[in-house]
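In what follows, a single structure is set out as structure tokens and then discussed.
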Amino acid sequence: MISEQDLTNKIKILDGDIEKVVQNISTLDKQKVDNIATLHALQGARQQCQSFLNELRNDGKPTKKASRKK
């Protein structure tokens, strides 16, 4: 038969497990935000390289798209 003490101990264990999962979720949320920021930086760098490549192909003249941004 299950005693009150057994159930109390199980609740303590479950509380600890719940806290670990909450902490893991928090960590993963922060990692997601960091990874999204990294992705945006990489996309920006790629876009800049593409712009430089386009300028090289046009004898150093900015493309119409690039000149509109100024």
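The values are calculated or read from the model by the stated rules, or taken from the named source; none is laboratory data. All of these numbers come straight from a predicted model, not from anything done at the bench. We place every Cβ from the backbone using ideal geometry, glycine too, and count neighbours over all the protein chains shown. Keep in mind that these areas ignore ligands, DNA and RNA; they rest on the heavy atoms of the full protein, side chains included. Shrake-Rupley method; radii C 1.70, N 1.55, O 1.52, S 1.80 Å.
Structural remarks
- Pair Val21, Leu56: separation of 7 Å Cα→Cβ label points (nm): 5.2 nm
- Ranking of Ser26, Ser3 by solvent-accessible surface, largest first: Ser26, Ser3 (1.4 Å probe, protein heavy atoms only, all chains present).
- Listed candidates (i) 16, 21, 15, 13, 11, 9, 7, 5, 1; (ii) 21, 61, 16, 2; (iii) 19, 46, 24, 9, 3, 0 - label of the one calculated as P(r) over Cα pairs in 10 Å bins from 0, in percent: (i)
- Sulfur and carbon atoms: percent of accessible area, the chain [1.4 Å]: 59 percent
- When nucleic acids and ligands are ignored and a 1.4 Å probe is applied, Thr38 ends up with an accessible area of around 70 Å².
- In the complete set of protein chains, residue-level accessible area for Lys30 is approximately 130 Å², probe 1.4 angstrom.
- Residue-normalised accessible area of the range 1-58, given per residue in Å² at a 1.4 Å probe: 92 Å²
- Only helical runs count toward this figure. For the chain, summing -39,500 (n - 2.57) over DSSP H runs of n ≥ 4 and dividing by all residues gives -31000 deg cm²/dmol at 222 nm.
- Across the range 17-27, coupling constants 3J(HN,Hα) worked out from phi with the 6.51/-1.76/1.60 Karplus curve, θ = phi - 60°, read 5, 4, 4, 4, 5, 4, 5, 4, 4, 4, 4 Hz, and Gly and Pro carry x.
- Accessible area of Leu28 in the full protein assembly, 1.4 Å probe (Å², nearest 10): 100 Å²
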